[in-house]
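These notes concern the structure reproduced below.
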Amino acid sequence: MAESCYVRVLFLLLLVVTPLPISIASPLKLRLSASEVAALEAHAPPPPPPPPPDTPTTYFEVDRPHRPPPGSFGPCSTLLLSHSFGFTYTLPPVTAPYSPPPCLAAAGGRASAISLAVLEWRATCRGVQFDRIFGVWLGGVELLRSCTAEPRPKGVVWSVSKDVTKYASLLAARNSSTLAVYLANLVNDQYTGVYHANVTLHLYFRHPPQPPQPGLGPADVIVPISQSLPLNGGQWFQINNNEDVESASLAVPANAYRAVLEVYLSYHGSDEFWYTYGNPFNGNGPFREVTVRIDGDVVGAVWPFPVIYTGGISPFLWRPISGIGSFNLPSYDIELTPFLGWLLDGEEHELGFAVTDAQDFWYVDGNLHLWLDPRSAATTAGIISYDAPPLEKVTAVASRGPGNEYYQTTAFRRISAAGWVQTSSYGKITATWTQRFSFVNTNQVREDTEQTVNQTTDAYSGVHVTDHAGVAYSQEAEQSFPLYIYQGQVNQTSNDSFTEETSVQLRFEEERVAAGRPGFWSRSLSNAQDSAVDVRVQEGDAVGTSWRAAQTYRYEATDGCYYRDVASQGYGVVSDHADEVCAKGSPAAGRAIAGGAATELGGDAAAAAGVARLSS
């Protein structure tokens, strides 16, 4: 039989699910070329009902809508940047000058006037193109890390809206700044897609402006830990291997009393599918962590949620429901208040990032959020305790005959620190910070035709702040990131007639509680996604392609609830239900909220209740 494009597609798909024992699930085998996607798409069932001609397909990531607090007015919407991203590889970021919108000045001009700020990215693309990671920075502070949608010949449209209220001091700063967007795109005869994008800021205001509780509202100053303009590329740091440490020098303002580092990250190239490397001798194994360092000492860690980009594994898995976190990659907070005893010495310090077991390459940067004492030019600080034992990581290997491999990797880490800060406004503050992590990844190959990846990352973090009157503020968070991937042949009737099946189950589970003098709040999120694609093969030719996805998003908090259950078949959404009614027994049900605090709990009683909930 003459070789057809379908046979070539089948050969690549077989490589995806038939990894050699020495090279399990190489990232290069988890990507389909544009021609292979087009060949498979030709066998896809039409979406019900068929759209009008030339109507672009809408892709979306399931997330809750952003609601302004009661009593807010707005929105005031300002277009910050509009640009068509054609060939942009190795070119500087696209920039636009930024100054606070006139409506912010009319509302008082201060950061405390902002009750909600939402950054919206809306884009279209038509033709053939890969997914591209991009970043949005304001004055070097990263506001958004995202992945583009992969287009279709008739076009796609998508948007992402992100709550950026925590950057209020930056948005309200009266000195002019620069908005920068870097999206590295390649356009040639084969890859024709140009991304046409608008970046818009939506502001809501409160009247009169309400000063936040000390250390709890948006930071007074945000210092970028990133590369400075001008440059050809993004403002993130690139980390290429396990030995790389990228850092920036900074001097913390002398009157700081709280510090939180927000970390952005994404993984690329050989490490895009790091969780599939079962063999520790190939690809450095399936474990990765980002460590945060002050002058070389590890002070915090990020064990990342495994975001799968819109072209990852199989692009059909993410059409039209995109993967969790793909349009709005998560950022991660590291409490650095206990380390102000190191940082408040008037000297510059190196704040750096490294990636354990990294391959080429990762993009990492950070934003240092700082709260300043309004009544003094300088605070003093000291560190009470600091404990960061080495990472514990073990890989067990079992061979069960030719073509059968089994690997299990486990890892554990804990970090803790305590320190004090003497302020003029709030007296002496003592802060403790704790992180605990556990990780397990099993990777199994059966008869050289099936591969299963089963991974769970669990993370705990807690910060507790006390002063002369007791617990001022306490917050704890528990997160769990389960991931399951199956690739293999099913329904096999002969060596060249079977169904090639790929399925991915991904969950983001999080529970947070906070308490103290402002009151008590809690928040829980369960976001579960199940996607699958089948390629039917008869006598060596692909004769049909089908895919489906289902997702359930459940958010319950003291400030409200949101639920959405959505399913798709092919490009069509077959069911979609959403509501904002809190179920009986949820945190917000029957709870009166006043000024962000639950009225039935207050002060140290609320703190005790909140801490007990996650510590028990």
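Among the listed residues ALA107, ALA96, identify the single one that is in contact (Cβ under 8 Å) with a residue 60 or more places away in the chain, over 21 Å from GLY139 (Cα atoms) and among the aliphatic types (A, V, I, L, M). Exactly one residue qualifies, and that residue is ALA107. Considering only segment 384-397, I want to know if a residue exists there that is touching a residue at least 40 places away in the same chain (Cβ under 8 Å) and charged (D, E, K, R). Yes, there is a match, as at least one residue in segment 384-397 is touching a residue at least 40 places away in the same chain (Cβ under 8 Å) and charged (D, E, K, R).
For beta carbons closer than 7 Å, sequence separation of 6+ or different chains, a first residue in segment 414-434 that is farther than 23 Å from ALA301 by Cα and a second that is surrounded by fewer than 18 Cβ atoms within 10 Å (Cβ to Cβ) and of a type in the set (Lys, Arg), the qualifying pairs are GLN422/LYS428; SER424/ARG375; SER425/ARG375. So for segment 495-503 (the condition being within 30 Å of TYR407 (Cα to Cα), touching a Lys or Arg at 6+ places or on another chain (Cβ under 9 Å) and either aliphatic (A, V, I, L, M) or at pLDDT 95 or above (or both)), does at least one residue qualify? Checked segment 495-503: no residue is within 30 Å of TYR407 (Cα to Cα), touching a Lys or Arg at 6+ places or on another chain (Cβ under 9 Å) and either aliphatic (A, V, I, L, M) or at pLDDT 95 or above (or both). Please verify whether THR55 is β-branched (Val, Ile, Thr), out of contact with any strand residue (DSSP E or B) (no Cβ under 7 Å at 6 or more places or on another chain) and at pLDDT 65 or above, treating the condition exactly as stated. Judged against the criteria, THR55 is a match.
Residues being surrounded by fewer than 23 Cβ atoms within 10 Å (Cβ to Cβ) and within 20 Å of VAL260 (Cβ to Cβ) are entirely absent from segment 307-325.
If we scan segment 516-532, do we find a residue that is buried (at least 18 other Cβ atoms within 10 Å of the Cβ) and within 20 Å of THR449 (Cβ to Cβ)? Within segment 516-532, one or more residues are buried (at least 18 other Cβ atoms within 10 Å of the Cβ) and within 20 Å of THR449 (Cβ to Cβ).
Of the residues PRO280, PRO211, which is part of a loop (DSSP other than H, G, I, E, B), modelled with pLDDT under 95 and either within 30 Å of PRO70 (Cα to Cα) or among the hydroxyl-bearing types (Ser, Thr, Tyr) (or both)? So that I can check it myself, show each step before the final result.
Values: PRO280 fails: either within 30 Å of PRO70 (Cα to Cα) or among the hydroxyl-bearing types (Ser, Thr, Tyr) (or both).
Residue meeting the stated conditions: PRO211.
Just to be sure, is PHE361 at negative phi, of a type outside the set (Gly, Ala, Ser), surrounded by fewer than 18 Cβ atoms within 10 Å (Cβ to Cβ) and under 26 Å from the mean Cα position of the chain (by Cα)? No, not satisfied. Restricting attention to segment 109-155, the residues that are surrounded by 23 or more Cβ atoms within 10 Å (Cβ to Cβ), within 19 Å of VAL187 (Cα to Cα) and over 20 Å from the mean Cα position of the chain (by Cα) add up to 3.
Here is a check on your reading of the model: is VAL292 more than 13 Å from the chain's Cα centre (by Cα), modelled with pLDDT of 95 or more and not basic (Lys, Arg)? It would help to see each step written out before you state the result.
Values: more than 13 Å from the chain's Cα centre (by Cα): yes; modelled with pLDDT of 95 or more: yes; not basic (Lys, Arg): yes.
When the stated conditions are applied, VAL292 passes them.
In segment 409-461, the qualifying residues are those that are modelled with pLDDT of 95 or more and among the charged types (D, E, K, R), and the one that is farthest from GLU510 (Cα to Cα) is LYS428.
Within segment 301-336, being at pLDDT 95 or above, touching a Lys or Arg at 6+ places or on another chain (Cβ under 9 Å) and either part of a strand (DSSP E or B) or at positive phi (or both) holds for ALA301, GLU335. Would you check which residues across segment 477-496 are assigned to a strand (DSSP E or B) and farther than 30 Å from ALA459 by Cβ and list them? Scanning segment 477-496 gives GLY488, GLN489, VAL490, ASN491, GLN492, THR493, SER494. Tallying residues that are in a strand (DSSP E or B) and more than 23 Å from the chain's Cα centre (by Cα) within segment 175-195 yields 2.
Which of the residues that make up segment 400-417 are in a strand (DSSP E or B) and surrounded by fewer than 19 Cβ atoms within 10 Å (Cβ to Cβ)?
We begin by selecting, within segment 400-417, every residue in a strand (DSSP E or B); these are 405-417.
Hits for segment 400-417 are TYR406, GLN408, THR410, PHE412, ARG414, SER416.
Taken over segment 442-473, the residue count meeting the criterion of being in a strand (DSSP E or B), of a type outside the set (A, V, I, L, M, F, W, C) and over 30 Å from SER503 (Cα atoms) is 7. One residue alone among VAL397, VAL421 is buried (at least 23 other Cβ atoms within 10 Å of the Cβ) and among the aliphatic types (A, V, I, L, M), and that residue is VAL421. Within segment 156-202, being crowded, with 18+ Cβ neighbours inside 10 Å and aromatic (Phe, Trp, Tyr) holds for TRP158, TYR167, TYR182, TYR195. For first residues located in segment 56-77 and in contact (Cβ under 8 Å) with a residue 24 or more places away in the chain, partners that are surrounded by fewer than 18 Cβ atoms within 10 Å (Cβ to Cβ) and assigned to a strand (DSSP E or B) and lie 6+ apart or on another chain with Cβ distances below 6 Å form the pairs HIS66/ASP163.
The values are calculated or read from the model by the stated rules, or taken from the named source; none is laboratory data. Since the model is a prediction, treat every value here as computed from it, not as a measurement. When we count neighbours, we look across all protein chains shown, and the Cβ atoms used for this are built from the backbone with ideal geometry, even at glycine.
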